[in-house]
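Q: Please find one structure pasted underneath; my questions will follow.
The values are calculated or read from the model by the stated rules, or taken from the named source; none is laboratory data. If you're wondering where the values come from, they're calculated on a predicted model, not measured in any experiment. Note: ideal-geometry Cβ built from the backbone for every residue, glycine included; neighbour counts use all protein chains shown.
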Amino acid sequence: MKDVSREARFTSLRPLGHAEKYSTTRSHLGIYLNVGLTARYKRRSGVPVKPALFHALSVLISKHPILSAIPLAIETPDPCFVRLPKISLSEVVTFVEEDANPPSPDWKTIIDRVLEEQHNCPFEAQSNGTLPFWRICVLESNNVPESFTLVFIFHHSLMDTQSALSFHDEMEWHMAQYAGVEPSEMVYSFPDDLVPPIEELYTLPVSQDFLRSQEKYSEPSPDSWTAAPQFTPVKTRFSTLWLSEVDTKMLMTLSKKERTSVTAALQVLIATCIFSVLPSIYLTLQGDCAVSLRRFLPEPVTATTLGCYVGSSSITYRRMPSFDWDEARRTKIAIEHTMAQKGGDMPVGYLAFIQNQHHWMSQKLGRKRMSAFELSNVGASSSSRGASNFEIESMLFSQSSSACSAAIKVSAVTGRDGRLALGFTWQEGVIEADMIERIKRALEGEVKRLAA
């Protein structure tokens, strides 16, 4: 039963769409919690972050109504978005002194630890009604005053990572425009409507064959590696791999030369490296690839709209002794075939046929996983607008692990510094503790081999 007294304190906006409901169902059941996009900034010496950041957030909240929306009644079959009457920025933004996190002086090591903590911290509707389903953590260091790190964590029902890229771009721009007037710590939201859910904007066709395939559970073959069965509770583990600017550029150049894409090459690199650390009894594995559906959506959705508009593609790989460009080309063709369906026969379209997502998700627990890994590559961040006091350099994409999807999640983004960052996420107890480090070393070795 809905908490009527709680909902009465908020302005109701609209019911959640099927994909949005999928995200709230997962978080309510503790299966998957949140997503993150982190930016490493350089700044002019002595310029304070807090007032410029609060100014930028005030502008963004007034511009994007989803930032002041939270999902309520998520434990019911009919959750809805409501509007927060106000947002307390001092409660949303946390400042952390990097120097207070010994023993490592490396910000990349510190950020791994911070992100692991953040991805284990859920969003919940608060009784005071001032906390949105997103938050920011700023890491600063007295030893490195010319740089700081801005961690943006958000609930997947609000937006996808393409949205988060736009958020960071706008944030940088408005921080640079800050004129020195002390901003308020309390932001009052504006009564704009939310963009409709994806199914009200676009038809996601589902064939009868696909429908039957989704309704019937079939275990993966014995020679397919899927790690441990699906279980809760979930404790997220996180680790990054940063490719150099030279290696990133080489991977881009070779992918183009070999008539494939960086995403397809990464898919095959990850599959190859997982095989390299697995016992020889495993001959196949499934890799999932997240794809953006924005190109098919009409106005008001654009490349910079904040919302969740993603689908997925699945590809099966056979054991490979080393990376193979033919496999990368096959992967690119498979992804293009998926996109040619224009959102048809995707799991996101099947959600419309599920009457009770809580029951459907709960049924998955205890069963084997279908996929070994999932790659989400959001691409490269946009070029600098010539910001003065604040300018983004590196970027890092990360997310929680999930009890009911791929055993290993790899989140990729290329920053303006030209470095491809790969965020590896896994659930504690699903795979061996050192497996990710072995995969990372193998992947780095494969990239070096390609460069040679």
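Q: What are the pairs with Cβ atoms under 6 angstrom where one residue, in segment 393-418, is within 27 Å of THR25 (Cβ to Cβ) and the other, located anywhere, is among the acidic types (Asp, Glu) and at pLDDT 95 or above? Sequence gap at least six, or different chains.
A: ALA406/ASP288; ALA406/GLU374; LYS409/GLU374
Q: For segment 54-79: of the residues being surrounded by fewer than 20 Cβ atoms within 10 Å (Cβ to Cβ) and touching a Leu at 6+ places or on another chain (Cβ under 8 Å), which is farthest from GLN357 (Cα to Cα)?
A: So the residue we want is SER58.
Q: Take VAL262 and tell me if it is touching a residue at least 24 places away in the same chain (Cβ under 8 Å) and under 30 Å from SER12 (Cβ atoms). Please lay out each step first, then the result.
A: Working: touching a residue at least 24 places away in the same chain (Cβ under 8 Å): yes; under 30 Å from SER12 (Cβ atoms): no.
Spelling it out, it is not the case that VAL262 is touching a residue at least 24 places away in the same chain (Cβ under 8 Å) and under 30 Å from SER12 (Cβ atoms).
Q: Since GLY307 meets every condition but one in (1) at pLDDT 95 or above; (2) within 27 Å of PRO222 (Cβ to Cβ), which condition does it not meet?
A: The failed condition is (2).
Q: Could you figure out which of (1) outside any helix (DSSP H, G or I); (2) assigned by TED's automatic domain parsing to the domain that holds CYS308 isn't true of GLY180?
A: (2)
Q: In segment 177-202, which residues are β-branched (Val, Ile, Thr) and surrounded by 13 or more Cβ atoms within 10 Å (Cβ to Cβ)? Lay out the reasoning, then the answer.
A: Here is the first cut: in segment 177-202, the ones β-branched (Val, Ile, Thr) are 181, 187, 195, 198.
Within segment 177-202, VAL187, VAL195, ILE198 meet the criteria.
Q: Continuing with the same structure: If you scan segment 241-294, which residues turn out to be touching a Gly at 6+ places or on another chain (Cβ under 6 Å) and either crowded, with 18+ Cβ neighbours inside 10 Å or aliphatic (A, V, I, L, M) (or both)? Steps first, please.
A: First, the residues of segment 241-294 that are touching a Gly at 6+ places or on another chain (Cβ under 6 Å): 245, 248, 267, 271, 291, 293.
THR248, GLN267, ALA271, VAL291, LEU293, listed by residue number.
Q: A further question follows. Tell me the strands (runs of 3 or more DSSP E) entirely within segment 29-97 that contain at least 1 residues that are in contact with a Ser or Thr (Cβ under 6 Å, 6 or more places away or on another chain) and among the small types (Gly, Ala, Ser). Break it down stepwise before answering.
A: Working: elements: 35-43, 69-72, 80-83, 86-88, 93-97.
Result: 35-43, 86-88.
Q: Please verify whether segment 295-318 includes one or more residues that are more than 28 Å from MET435 (Cα to Cα), crowded, with 21+ Cβ neighbours inside 10 Å and of a type in the set (Ser, Thr, Tyr).
A: Scanning segment 295-318, I find at least one residue that is more than 28 Å from MET435 (Cα to Cα), crowded, with 21+ Cβ neighbours inside 10 Å and of a type in the set (Ser, Thr, Tyr), so the answer is yes.
Q: Here's another thing I want to ask about it. Quick one: THR316 ticks every box in (1) part of a loop (DSSP other than H, G, I, E, B); (2) in contact with a strand residue (DSSP E or B) (Cβ under 8 Å, 6 or more places away or on another chain); (3) farther than 30 Å from SER166 by Cβ except a single one, so which number is it?
A: Only one criterion in (1) part of a loop (DSSP other than H, G, I, E, B); (2) in contact with a strand residue (DSSP E or B) (Cβ under 8 Å, 6 or more places away or on another chain); (3) farther than 30 Å from SER166 by Cβ is unmet by THR316, namely (1).
Q: Going by the conditions given, is VAL144 part of a loop (DSSP other than H, G, I, E, B), without any contact (Cβ under 8 Å) to a residue 60 or more places away in the chain and hydrophobic (A, V, I, L, M, F, W, C)?
A: Values: part of a loop (DSSP other than H, G, I, E, B): yes; without any contact (Cβ under 8 Å) to a residue 60 or more places away in the chain: yes; hydrophobic (A, V, I, L, M, F, W, C): yes.
The answer is yes for VAL144.
Q: Here's a follow-up. Output the residues belonging to segment 112-132 that are touching a helix residue (DSSP H, G or I) at 6+ places or on another chain (Cβ under 9 Å), among the hydrophobic types (A, V, I, L, M, F, W, C) and at pLDDT 90 or above.
A: The answer is PHE123, LEU131.
Q: Look at LEU211 and say whether it is crowded, with 19+ Cβ neighbours inside 10 Å and outside any loop (DSSP other than H, G, I, E, B). Lay out the reasoning, then the answer.
A: On the way: crowded, with 19+ Cβ neighbours inside 10 Å: no; outside any loop (DSSP other than H, G, I, E, B): yes.
For LEU211, the condition - crowded, with 19+ Cβ neighbours inside 10 Å and outside any loop (DSSP other than H, G, I, E, B) - is not met.
Q: Hey, could you check segment 352-383 for residues that are among the polar types (S, T, N, Q) and in contact with a strand residue (DSSP E or B) (Cβ under 6 Å, 6 or more places away or on another chain) and say which is farthest from GLU75 (Cα to Cα)?
A: Going residue by residue through segment 352-383, those that are among the polar types (S, T, N, Q) are 355-357, 362-363, 371, 376-377, 381-383.
Keeping just the survivors that are in contact with a strand residue (DSSP E or B) (Cβ under 6 Å, 6 or more places away or on another chain) gives 371, 376-377, 381.
On the way: SER371: 27, SER376: 28, ASN377: 31, SER381: 36 Å.
Looking at residues that are among the polar types (S, T, N, Q) and in contact with a strand residue (DSSP E or B) (Cβ under 6 Å, 6 or more places away or on another chain), I get SER381.
Q: I'm trying to understand the selection: among the residues of segment 302-330, which are of a type in the set (Gly, Ala, Ser) and either over 17 Å from VAL35 (Cβ atoms) or touching a Cys at 6+ places or on another chain (Cβ under 7 Å) (or both)?
A: Initial filter on segment 302-330 (of a type in the set (Gly, Ala, Ser)): 303, 307, 311-314, 322, 328.
The answer is ALA303, SER312, SER313, SER314, SER322, ALA328.
Q: Let me ask something else. Tell me which of these GLU170 doesn't satisfy, since it passes every other one: (1) over 30 Å from PRO132 (Cβ atoms); (2) among the charged types (D, E, K, R); (3) in the same structural domain as LEU84 (by TED's automatic domain parsing).
A: Of everything listed in (1) over 30 Å from PRO132 (Cβ atoms); (2) among the charged types (D, E, K, R); (3) in the same structural domain as LEU84 (by TED's automatic domain parsing), GLU170 misses just condition (1).
Q: For ALA387, state whether it is modelled with pLDDT of 95 or more, surrounded by fewer than 24 Cβ atoms within 10 Å (Cβ to Cβ) and hydrophobic (A, V, I, L, M, F, W, C). Give the derivation first.
A: On the way: modelled with pLDDT of 95 or more: no; surrounded by fewer than 24 Cβ atoms within 10 Å (Cβ to Cβ): yes; hydrophobic (A, V, I, L, M, F, W, C): yes.
Against the criterion (modelled with pLDDT of 95 or more, surrounded by fewer than 24 Cβ atoms within 10 Å (Cβ to Cβ) and hydrophobic (A, V, I, L, M, F, W, C)), ALA387 does not qualify.
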